[in-house]
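Read the structure below first, then the notes.
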Number of protein chains: 2
Amino acid sequence: MTIKIIIADDHQLFIDGIKSILSKSFDIDIIAEANNGLEVLKLLKHGILPDIILTDIRMPIMDGISLTKTVSKDYSKLKVLALSMFDQTIDVIEMLEAGAKGYVTKNIDKSELHLAIHTVMKGHYFFSKNLPKDIQDWFHKENLIPNDQLLTKRETEILELIVKGRTSLQMAKHLKLSKYTIDTHRKNIHKKLGIKSNTGLVNYALKNL
Amino acid sequence: MTIKIIIADDHQLFIDGIKSILSKSFDIDIIAEANNGLEVLKLLKHGILPDIILTDIRMPIMDGISLTKTVSKDYSKLKVLALSMFDQTIDVIEMLEAGAKGYVTKNIDKSELHLAIHTVMKGHYFFSKNLPKDIQDWFHKENLIPNDQLLTKRETEILELIVKGRTSLQMAKHLKLSKYTIDTHRKNIHKKLGIKSNTGLVNYALKNL
DNA sequence: ATTTATATACCTAACATTAGGTATATGAAA
DNA sequence: TTTCATATACCTAATGTTAGGTATATAAAT
């Protein structure tokens with residue numbers, strides 16, 4: 001059984017490179033290509049349905065994140081494998097939140113790309129091993145533990161106060177605890193969610209709570 | 001024409017104080033009182049409809065913010081005037097966002113309370129003059145100037161990066177500008193929106209952009 | 001032609017967060 | 001009963017934000 005793939009990237013040169021790498025595989029078939037997300041959606045609407053969409057994140061007209069969100073909603077059987085120049089945590093997390101099943105950087109080699117495709121095809125997640133460590137942390141915490149049991153009462157309470165813009169010192173006074181305690185809770189929240197910054201926590205909370 | 005008022009506060013003593021102040025006015029009629037937001041909603045459901053709800057922010061069972069949100073949605077003709085011990089910016093902004101038409105602190109005097117009630121009754125906003133200055137800033141910017149003209153291109157760009165969790169230094173490198181420039185833009189954003197903290201900006205951006 | 005808005009850059013002090021620890025007490029689960 | 005989860009508290013160094021300024025250049029508006 002061959003794996004059907006659509007490639008989406010705004011750099012034609014890169015599409016060609018991927019094609020030449022994958023064309024040598026008996027079990028992988030590139031059934032179409034596109035230069036932005038909208039073109040992929042058009043292909044899907046015309047009944048050109050792949051097993052995996054291999055897509056760049058940043059593209060004109062419609063980017064990979066929007067594409068992935070739409071695909072996850074309307075074609076939930078299709079798997080999206082993100083492919084990007086960038087390995088910044090925020091990009092990876094956004095793609096995963098949009099519903100991507102894996103994330104590889106553009107400097108991966110031939111064998112790793114094959115592995116990624118086959119792994120995702122089997123229903124597992126795949127990540128380039130050169131992605132920052134905190135992504136793996138985030139992924140494990142975020143996906144293997146049910147969200148509502150993730151944070152303790154106290155941690156949720158503190159997260160809510162962080163979202164409201166309270167500082168550690170204000171929270172300490174309000175809850176009649178030491179500032180050190182608040183900061184310990186913060187660190188535990190960071191660890192559990194795999195999110196290190198205050199702004200990231202607000203993002204998380206407004207989307208998930 | 002008398003102005004009908006419901007007072008909501010979990011401190012009975014305070015309700016009594018307000019009542020004794022307002023009972024001397026010919027044109028103000030306290031038609032009911034409540035000790036939390038839920039009690040107010042029950043009164044409304046039973047057809048006891050005031051012109052103005054004078055409510056505390058922090059109350060057990062249902063707080064003033066939740067009450068105001070429900071009233072704004074289901075009884076949009078009623079005006080909510082917030083009454084609080086606290087004059088923290090975040091409280092005021094939350095009440096205003098919930099739909100309150102004014103905000104007075106509990107240390108106002110008799111004549112100011114009258115003025116507040118009459119001003120709100122006429123359809124204007126009212127704020128205690130002892131509220132922090134940045135609230136007036138926030139209010140003016142937020143309500144009198146159309147949102148889409150408020151921030152310049154550059155400022156919007158930087159706000160978006162802040163939401164994504166980028167630091168000043170990261171943004172400086174990415175945009176090939178000095179960190180000082182980024183910080184200047186930040187300060188201008190703070191001034192224009194009347195929001196001073198990073199977390200507040202993320203809140204604002206996710207709700208308004 | 002002068003003012004205003006935008007964008008840029010610099011400086012410093014105060015405050016806040018983040019990351020790296022360690023440590024103790026309590027109650028619930030294995 | 002020992003381990004695990006939760007909640008508490010302390011310490012320090014590095015990094016980042018916020019608030020107070022000043023200052024320059026350019027383009028648009030009055």
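None of the figures in this text is laboratory data; all of them are computed from the coordinates on show. This is a predicted model, so every value here is computed, not measured. Cβ: placed from backbone, ideal geometry, glycine included. Neighbour counts: every protein chain shown.
How far apart are the B:Ser66 label points across copies, placing each 7 Å from Cα toward Cβ, in nm, shortest first?
Nearest to farthest, the other copies are at 3.8 nm.
Given label points at 7 Å from Cα along Cα→Cβ, what nm distances, shortest first, separate B:His11 from the same residue in every other copy?
Sorted ascending, the copy-to-copy spacings read 6.4 nm.
How far apart, in nm, are the 7 Å Cα→Cβ label points at B:Lys196 and A:Thr167?
Going from the B:Lys196 label point to the A:Thr167 one covers 0.9 nm.
Based on the alpha carbon coordinates of region B:27-66, what radius of gyration and maximum Cα-Cα distance (Dmax) apply, in Å?
Rg then Dmax for region B:27-66, in Å: 10.1, 32.
Look at the axis of the rotation that sends chain B onto chain A, then give the chain B residue with the nearest Cβ and the distance in whole Å.
B:Val202, 2
At B:Ile61 and B:Lys77, where each label point lies 7 Å from the Cα along Cα→Cβ, what is the point-to-point distance in nanometres?
Here the modelled spin labels are 2.6 nm apart.
Just counting partner chain Cβ atoms within 10 Å, what average do the residues of peptide B:165-171 show around their Cβ?
3
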